[in-house]
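To start, the structure itself, in structure tokens.
Any read-out appearing in this document is the output of simple, stated calculations on the displayed coordinates, not a laboratory observation. Since this is a predicted model, take the numbers as computed values, not measurements. Positions of Cβ are backbone-derived with ideal geometry, glycine not excepted, and every protein chain shown enters the neighbour counts.
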Amino acid sequence: MTEIVRSNFQNHPFHLVSPSPWPFNTSFSLFTLTISGALAMHTFSNAYNVFYSAFLLVVFSMAFWFRDIISETFLGNHTLAVQKGLNLVHLFIVSEALFFLAIFWAFFHSALTPTIELGAQWPPAGIEPVNPFELPLLNTVWILLSSGATVTFSHHSLIQGKRSGALYGSIATIILAVIFTGLQALEYSVSSFTISDGVFGTCFFFGTGFHGLHVMVGSAFLSVALWRILSYHLTDNHHLGFEGGILYWHFVDVVWLVLYVSMYYWGS
């Protein structure tokens, strides 16, 4: 009976994913990460220990999940029909866009009609916003937008069969991403306000902080793609995972532009 079922599967280009523990492990780890993070922010005892443990579980679960997906590629399971189905990453990016839309909605709801509690002005009284023409402008033009150019260069080099260009472009993108994350952390450390300073601080740090989290996730995607380019896994016509990471990175670029114009420039 098993052989009959297998032979039927071979008559079409699709395949059934093998039973895997990693989706459940990743979901459970992310849930634990969220809960422990919220408890840590409210100074619950040992919450940070659980938070760090959950973060490591997320990293390990994703690493093993990526490993299994890569092995499916070498087994020939990722046919053209399967790759078209995997393009649903666009829906994931749409959901992320709606997430950031909610953040911008909260920001402009308070910014366009500041209440009496905010001093009827924006930014609220007592808040000294970040100068948009200093570190944020550097992060915008020279770092993040440049990384969009380098990752595009890497993609086109891979399509054209130029391995060196694909490698150098990916390395440059990851370096710029690390610099951006470091400068963002520096900006937080010297900021004159915190996330607890009213609606301005909440929206600012929530929006830029989650964008920074997306930058780190995108950096992980591109790092895996770089390793696969180094290992000769990706070809000029079979690099769907790399394309997904590039699309995600361009989404991160666009979100940052909106963040810069609205929260840094207009909001100040």
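Can you put Lys84, Lys162 in order of Cβ neighbours within 10 angstrom, beginning with the fewest? Walk me through the numbers on the way to the answer.
On the way: Lys84 11, Lys162 16.
Placing the least packed residue first, the sequence is Lys84, Lys162.
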Exercise for the section: Using +1 at the Cβ of each Lys and Arg and -1 at the Cβ of each Asp and Glu in the chain, identify which of Ala125, Ile179, Ser196 lies farthest towards the dipole's positive end. Expected result: Ile179
Practice task
Only Lys, Arg, Asp and Glu count, each charged at its Cβ (+1, +1, -1, -1), so figure out the dipole size of the chain about its Cα centre, rounded to 20 debye.
Solution key: 660
Exercise for the section: Grab the DSSP H runs of the chain that are 4 residues or longer, score each as -39,500 (n - 2.57), total them, divide by all residues and round the 222 nm result to the nearest 500 deg cm²/dmol. Expected result: -24000 deg cm²/dmol
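Just need the relative contact order of the chain here, percent rounded to a whole number, with Cα pairs under 8 Å and 6+ apart.
Working: 222 pairs, mean separation 50.6, N = 268.
Across the chain, relative contact order equals 19 percent.
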Fill in the blank from the handout: Going fewest to most other Cβ atoms within 10 Å around each Cβ, Val141, Val215 line up as Val141, Val215
Exercise for the section: Count charges around Pro124 for me, please; just the other residues with Cβ under 12 Å from its Cβ, Lys/Arg as +1, Asp/Glu as -1. Expected result: -3
Problem - Interatomic Cα distance distribution for the chain, bins of 10 angstrom, percent - result: 6, 23, 30, 24, 12, 4, 1, 0
Problem - Nonlocal amide H pairs with His238, under 5 Å, H built at 1.01 Å - result: none
Fill in the blank from the handout: Honestly segment 153-225 on the Cα gyration tensor test (a ≥ b ≥ c root eigenvalues; a/c under 1.5 rounded, otherwise a/b vs b/c for prolate or oblate) is just prolate
